[in-house]
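Trainee: This is the structure I want to talk about, given as structure tokens.
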Amino acid sequence: MENKKIGVFDSGIGGATVLKEIKRILPDEDYIYYSDSIHNPYGDKDEETIINICDNIVYDLMQQNCKAIVIACNTASAKAAKYLRSKYTKTPIVAIEPAYKMVYDYAYQEPTLVMATKGTIESEKFHMLYEKYNNQKTYLLPCIGLADIIEKDDKKAIKEYLENHIATYRGKVKNVVLGCTHYPLIQTQIEEVLGKVTFFQGAANVANHLKELLEKNNLLETHAGTIQFIDSQQSKIKETRFYEIMES
Ligand code: DGL
């Protein structure tokens, strides 16, 4: 069988937190990770812009022999997954979403903070998820600008941001949904501000779902488990950070 890869993309290095989980479950597949740092952040962009950006990325990944696509970005999933699936009908497309259902399944009674981009929180897709699994004890927090400073690895700005925006939830919430794939990178800093909380994120669901889809479509393969990293700004700094995350 021809060697085909799995294409994974995000608006930067955040999606590495998803690819890491995928690689754990499917270690022998070959991957292309596309870090679209030139368009970061996606979180404040309108739907049409995000659809166009994602369409170009998926088109490129298809040209590079990808057999499946993973949208490792909650914002892009919320705004563009429907369009991409209607256009690339022959290719399995797996899209991440905030792990709010997981809270419903495992910790329904507990007060919960959902952190995500403005784009995700205001999207129709998230709205439907929220309505379905609402535990009436949930705070929705659009974290405008947070993914941007995580992408820049600006530790001081991240600390200040969290103190200014989430310290108010200390003692009020037990669960935190990390509804943006950049946020698992600052889990420790979030806990420093909120105290002990339980984190929920969608990466494991994506990995399991991808495996199921590959099995169903007879696309599972055994290769060397390579990862090719591409950044839209050809940033060496991003490349180094990406591999650091993958190896952490
Ligand atoms: N990592 C992305 C997400 O999961 C997007 C962050 C951004 O570009 O605003 O939503």
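Trainee: Could you please report the charge total around Tyr34, scoring K, R as +1 and D, E as -1 over all other residues with beta-carbon less than 9 angstrom from its beta-carbon?
Mentor: Net charge around Tyr34: -4.
Trainee: I'd like the orientation of helix 236-247 relative to the chain: the angle between its Cα long axis and the longest Cα principal axis, in ° from 0 to 90, rounded to 10.
Mentor: 80 degrees
Trainee: Same structure, new question: How much mean residue ellipticity at 222 nm does the chain get from its helices, if each DSSP H run of length 4 or more adds -39500 (n - 2.57) and you divide by all residues, to the nearest 500 deg cm²/dmol?
Mentor: -13500 deg cm²/dmol
Trainee: While we're on this one: Starting with the fewest neighbours, write out Thr198, Thr222, Thr17 ranked by other beta-carbon atoms found within 10 Å of each beta-carbon.
Mentor: Fewest to most other Cβ atoms nearby, the residues stand as Thr222, Thr198, Thr17.
Trainee: If you don't mind, another one. Read phi for every residue in the range 100-106 and hand back ³J(HN,Hα) as whole Hz from Karplus 6.51 cos²θ - 1.76 cosθ + 1.60, θ = phi - 60°, with x for Gly and Pro.
Mentor: Values per residue, Gly and Pro as x: 6, 5, 4, 5, 4, 6, 10 Hz.
Trainee: Using only the alpha carbons, work out the radius of gyration and Dmax of the chain in angstrom.
Mentor: 17.3, 55
Trainee: With springs connecting C-alpha atoms under 10 Å apart, model the chain as a Gaussian network and identify which of Ser235, Ser35, Ser77 has the largest mean-square fluctuation.
Mentor: Result: Ser235 has the largest fluctuation of those listed.
Trainee: Shifting gears a bit: What distance in nm separates the simple spin-label points at Ser235 and Lys196, each placed 7 Å from Cα in the Cβ direction?
Mentor: According to this spin-label approximation, the distance is 3.6 nm.
Trainee: Please name whichever of Met128, Tyr88, Thr75 sits farthest to the positive end of the charge dipole of the range 43-138, dipole taken about the Cα centre and charges placed at Cβ: Lys and Arg +1, Asp and Glu -1.
Mentor: Checking the options against the dipole of the range 43-138, the answer is Tyr88.
Trainee: Here's a follow-up. Give, rounded to the nearest 20 debye, the magnitude of the charge dipole that the chain has about its Cα centre when Lys and Arg contribute +1 at Cβ and Asp and Glu contribute -1 at Cβ.
Mentor: Its charge dipole is roughly 460 debye.
Trainee: Between helix 74-87 and the chain, what is the angle of the helix's C-alpha long axis to the longest principal axis, kept within 0 to 90° and rounded to the nearest 10?
Mentor: It is inclined by approximately 30 degrees.
Trainee: I want to verify a result. In a Gaussian network model of the chain, Cα cutoff 10 Å, which of these has the top mean-square fluctuation: Tyr106, Tyr139, Tyr169?
Mentor: Greatest mean-square fluctuation among the candidates belongs to Tyr106.
Trainee: Right, next: In a Gaussian network model over the chain where Cα atoms closer than 10 Å are linked, find which of Ile38, Ile96, Ile190 has the largest mean-square fluctuation.
Mentor: Ile38
Trainee: If one takes the longest principal axis of the Cα atoms in the chain, at what angle in degrees, from 0 to 90 and to the nearest 10, does the Cα axis of helix 16-25 lie?
Mentor: So the inclination is approximately 60 degrees.
Trainee: For the pairs Lys101/Lys137; Lys125/Lys152; Lys45/Lys174; Lys5/Lys45; Lys101/Lys174, flag any whose C-alpha to C-alpha distance is greater than 22 Å.
Mentor: Pairs exceeding the cut-off: Lys125/Lys152; Lys45/Lys174; Lys5/Lys45.
Since every read-out is calculated from the coordinates, none of them should be taken as a lab result. From a predicted model like this one, the values you see are computed outputs, not experimental measurements. Ideal geometry is used to build each Cβ from the backbone, glycine not excepted, and the neighbour counts take in all protein chains shown.
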